[in-house]
Amino acid sequence: MEIPKRKLGRTGIDVTILGLGGEGVLRTFGQEKEAYQLINRAVDLGITYCESARAYSGSESYYGLALKERRKKVFLTSKSHARDKKGALEHLHETLRNMKTDHLDLWQVHDVRTDEEIEEIFGRQGAIEAFVEAKEKGLVRFIGLTGHHDPLILRKCIERFYFDTVLMPVNPAEPHYNSFIGQVMPLAVERGMGIIAMKVYFRGAAAQIAPGNLDLFYRYALSHPISTAVIGCDTIGQLEENVRFASAFSPLTKDEQEMLSEQLSPIARKLMYYKP
């Protein structure tokens, strides 16, 4: 089973249309054996996009333990939720130590939610200065942005800085509530950004509302102009199922996308804020 690849926007890098998310079993402490097996199975299956974040418990350290000589096989990413330059640089150096690497392929400003955060990030001695400095020093190759609370906040960030990528929700409930697909995706496409999808399965709620049809949600996301969908996994079985979806991917038609979306419209808000 070969996983198709797409170009990650203007980075010019081809990545698999399925990425290994830093959540699931990776967002834990004390599960080194399980995490090691999951990460290496993902690489064995051909996944090239691997994601984490400074806020994701032991996730970064798990990657550091598991990848070792396989580091060059993956496009390795992490995130910082610090809003000031000093804090962000401290996060980066901790991330690099944890992941046992001398650079990140993509470093992302994590989970921007408010106008106040924007002013701090882009203000004097704000976090964006750390991101620029890190790129200039070769500690990171590309700079990204993430968010899932307010699409207008992400738009404001994109309008203020030349981000290479954006990580945002892409799922069939999303158009009915604070739509990132409608308000962020077109701008990201216009600017040539790599678009990375998250919350494809509503943090696991999709398995409850459509058992046996998870592939529809994955196909929905990949039917949009995204580069990859990152999915956290609790087990190797879940990982292998997602690899099957990716390997057999075929796009949904516009009618199929709209039908699936309309079916979820009554519970869209609940799904977007679902917590398992």
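A few points about this structure:
- Selection of the stretch 167-194 for residues being of a type in the set (A, V, I, L, M, F, W, C), within 15 Å of GLY12 (Cα to Cα) and touching a Gly at 6+ places or on another chain (Cβ under 7 Å) yields only MET193.
- The stretch 85-102, residues that are in a helix (DSSP H, G or I) and of a type in the set (D, E, K, R): LYS85, LYS86, GLU90, GLU94, ARG97
- TYR62 being among the hydroxyl-bearing types (Ser, Thr, Tyr) and in a helix (DSSP H, G or I): yes
- For ARG141: the one exception among (1) outside any helix (DSSP H, G or I); (2) more than 18 Å from THR11 (Cα to Cα); (3) of a type in the set (Lys, Arg): (2)
- Any helices (runs of 4 or more DSSP H) falling wholly within the stretch 183-230 and containing at least 2 residues that are free of Cβ contacts under 8 Å to residues at least 40 places away in the same chain, under 13 Å from the mean Cα position of the chain (by Cα) and over 24 Å from GLY144 (Cα atoms): none
- Test: residue in the stretch 164-171 that is touching a strand residue (DSSP E or B) at 6+ places or on another chain (Cβ under 9 Å) and more than 17 Å from GLN108 (Cβ to Cβ): yes
- Across the stretch 136-149, the qualifying residues are those that are over 16 Å from the mean Cα position of the chain (by Cα) and in contact (Cβ under 8 Å) with a residue 12 or more places away in the chain, and the one among them that is surrounded by the most Cβ atoms within 10 Å (Cβ to Cβ) is VAL140.
- There is no residue in the stretch 265-274 that is hydroxyl-bearing (Ser, Thr, Tyr), closer than 26 Å to LYS33 by Cβ and assigned to a loop (DSSP other than H, G, I, E, B).
- Flag for VAL200 being surrounded by 14 or more Cβ atoms within 10 Å (Cβ to Cβ) and touching a helix residue (DSSP H, G or I) at 6+ places or on another chain (Cβ under 6 Å): yes
- Scanning the stretch 8-20 for residues that are under 15 Å from the mean Cα position of the chain (by Cα) and assigned to a loop (DSSP other than H, G, I, E, B) yields a total of 2.
- TYR49 being within 27 Å of ARG191 (Cα to Cα) and under 18 Å from the mean Cα position of the chain (by Cα): yes
- When the stretch 14-47 is filtered for residues that are polar (S, T, N, Q), within 21 Å of LYS79 (Cβ to Cβ) and surrounded by fewer than 21 Cβ atoms within 10 Å (Cβ to Cβ), the ones remaining, listed by number, are THR28, GLN31.
Results for (1) assigned to a loop (DSSP other than H, G, I, E, B); (2) in contact with a helix residue (DSSP H, G or I) (Cβ under 9 Å, 6 or more places away or on another chain); (3) at pLDDT below 95, shown as yes or no for each residue.
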site: ARG6; (1), (2), (3): no, yes, no
site: GLU23; (1), (2), (3): no, yes, yes
site: ALA35; (1), (2), (3): no, yes, no
site: LEU38; (1), (2), (3): no, yes, no
site: ILE47; (1), (2), (3): yes, yes, no
site: ALA53; (1), (2), (3): yes, yes, no
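- Considering (1) closer than 17 Å to ALA53 by Cβ; (2) among the hydrophobic types (A, V, I, L, M, F, W, C); (3) outside any loop (DSSP other than H, G, I, E, B), the lone condition that ALA82 does not fulfil carries the number (3).
- Members of the stretch 180-192 found to be within 12 Å of ILE153 (Cα to Cα) and not aromatic (Phe, Trp, Tyr), listed by number: GLN183, VAL184
The values are calculated or read from the model by the stated rules, or taken from the named source; none is laboratory data. Just so it is clear, the model here is predicted, and its values are computed rather than measured. All Cβ positions, even for glycine, are placed from backbone atoms using ideal geometry, and neighbour counts span all protein chains on display.
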